[in-house]
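Okay, structure first, notes after.
The values are calculated or read from the model by the stated rules, or taken from the named source; none is laboratory data. What you see is a predicted model, and the numbers here were worked out from it, not measured in a lab. Note that we place each Cβ from the backbone using ideal geometry, even for glycine, and neighbour counts take in every protein chain shown. Side chains are part of the model used for accessible areas, which takes the heavy atoms of the whole protein and leaves out ligands, DNA and RNA. Shrake-Rupley method; radii C 1.70, N 1.55, O 1.52, S 1.80 Å.
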Amino acid sequence: MKWPADYHMHTPLCRHATGEPGDYAARSVAIGLTEIGFSDHSPMPRDDFDNWRMYANQLDEYVAQVHQAQKDYPNLTIRLALEVDYLPGYEDWIRGLAARHPWDYFIGSVHYVSDSWVIDNPEKISEWKKRDAFEVWSAYFERLTKAAETGFFEIIGHVDLPKKFGHHPPTDCASLYEKFLNAAKKHNCAIELNTAGLRKDCREIYPSRQILELAFQKGVPITFGSDAHAPGEVGMNFAEAIRLARGIGYRESCRFAQRKRRMVEF
Ligand SMILES: [Zn+2]
Ligand SMILES: [Zn+2]
């Protein structure tokens, strides 16, 4: 089996990950990966926006650390990326980030369904009690669709993140998925198979089989990501993700260099 690239991993600069980039690279080599990408949480214009991302003035340091890992591990292809939060109104900020460094790709993620509620934050889990699950999923997918439409992102991250703690709307969300995937297709966004879901309450890869089947039908390509926040999580459960993708019909996943896509078999 040919391992796909692990395109989703963090560094301690985001304040909730452990292990230096070199440790992630060493782990990648040890488990037989040939390509990875660092995609740490993007900074925000205000450093007090929240407490789980690098400060704005650490962006250059982040890039330097990834470049150092590239030098230290010449036999491993290491891509330079960011996991960028998409919130409406931050388009200029994201454009500015894109212009600052020669990124290989951007993962666009929605964690905020409002200016203050981070749906995947355990500290805010009580918010779910105040809201109707379908309403939350609708608001989330509306933002995700907008994220795809900006054209800023090569990859859309953990597509059905609202399921993290096991909250599922009683009604079918197919129409929300359809709308999002049509936008992803139109704007050349891949979606990732993010294995971190298997380590959360939902015990399921992001996205669900239902979404992935729809994506395959529409010709939306995929990437793979462990969303590692520690070196030991690199490439975690990739065999299961590959089984899921192949079972649906996928044979290739995307690789990115300087924001250009090519397809590679896995
Ligand atoms: Zn994320
Ligand atoms: Zn992440």
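So which trypsin sites (Lys or Arg not before Pro) in the stretch 194-231 end up in coil per DSSP with only 14 or fewer other C-beta atoms within 10 Å?
On the way: sites: Arg199, Lys200, Arg203, Arg209, Lys218; in loops: Lys200, Arg203.
Those that pass, being in a loop and sparsely packed, are Arg203.
Think of it as helices only: each DSSP H run of n ≥ 4 in the chain is worth -39500 (n - 2.57), and spread over all residues that comes to -10500 deg cm²/dmol at 222 nm.
Overall, the chain carries a charge dipole of about 740 debye about its Cα centre when +1 sits on the Cβ of Lys and Arg and -1 on the Cβ of Asp and Glu, all other atoms neutral.
What does the charge count around Arg261 come to, taking other residues whose C-beta lies under 10 Å from its C-beta (Lys +1, Arg +1, Asp -1, Glu -1)?
Values: positive: Arg255, Arg259, Lys260, Arg262; negative: Glu154.
Net charge in that neighbourhood comes out at +3.
Using a probe of 1.4 Å, the accessible surface attributed to Glu142 totals some 110 Å² when neighbouring protein chains are kept in position.
For Gln210 and Lys129, a Förster radius of 30 Å and the Cβ-Cβ distance give a FRET efficiency of 0.70, rounded to the nearest 0.05.
Short-range pairs are left out: with C-alpha atoms under 8 Å and at least six residues apart, the relative contact order of the chain is 21 percent.
Determine the share of the chain's accessible area contributed by carbon and sulfur atoms, expressed in whole percent, with a 1.4 angstrom probe. It is 48 percent, rounded to a whole number.
Note on surface exposure: Glu135, Glu149 rank Glu135, Glu149 by accessible area, highest first, 1.4 Å probe.
How high is the FRET efficiency from Glu20 to Tyr55, r the C-beta distance, R0 22 Å, rounded to 0.05? Intermediate values should be presented prior to the final figure.
Working: r = 18 Å, r/R0 = 0.80.
Between Glu20 and Tyr55 the formula returns 0.80.
In the context of the full set of protein chains, the chain has a per residue accessible area of 42 Å² (1.4 Å probe). Taking θ as phi - 60° and the Karplus parameters 6.51, -1.76 and 1.60, the scalar couplings of the stretch 69-85 work out to 4, 4, 5, 6, 10, x, 8, 10, 7, 10, 8, 9, 8, 9, 9, 9, 6 Hz in sequence order, x denoting glycine and proline. In this rough spin-label picture, where each label sits 7 Å from Cα along the Cβ direction, the Ile31-Asp172 distance is 3.6 nm. The HN-Hα couplings worked out from phi for the stretch 25-30 by the Karplus form 6.51 cos²θ - 1.76 cosθ + 1.60 (θ = phi - 60°) are 5, 4, 4, 4, 4, 4 Hz, whole numbers, x standing for Gly and Pro.
Excluding Gln58 itself, calculate the net charge of residues whose Cβ lies under 11 Å from the Cβ of Gln58, where each Lys or Arg counts +1 and each Asp or Glu counts -1.
On the way: positive: Arg15, Arg53; negative: Asp40, Asp47, Asp60, Glu61.
In short, -2.
Which whole-angstrom value gives the distance between the alpha carbon centres of the stretch 90-110 and the stretch 12-84? Cα centroid of the stretch 90-110 versus Cα centroid of the stretch 12-84: 15 Å apart. Shape class of the stretch 191-262 from the alpha-carbon gyration tensor: oblate, with a/c at 1.5 or above and b/c at least as large as a/b. Backbone amide hydrogens, once placed in the peptide plane, bring Gly37 within less than 5 Å of Asp6, Tyr7, His8, Arg79, excluding anything fewer than 5 places away on its chain.
Antiparallel beta bridges, as assigned by DSSP with both residues in the chain, represent about 25 percent of the total such bridges. Counted by Cβ distance under 14 Å from Ser28, the other residues give a net charge of -4, where Lys and Arg count +1 and Asp and Glu count -1. Amide H to amide H, with H built 1.01 Å from N, Glu192 comes under 5 Å of Ile156, His158, Val159, Thr223, counting only residues 5 or more places away or on other chains.
In order along the stretch 110-124, phi translates into HN-Hα couplings of 10, 10, 9, 8, 9, 5, 10, 9, 9, 5, 9, 8, x, 5, 10 Hz, rounded to whole numbers, per the Karplus curve 6.51 cos²θ - 1.76 cosθ + 1.60 with θ = phi - 60° and x for Gly and Pro.
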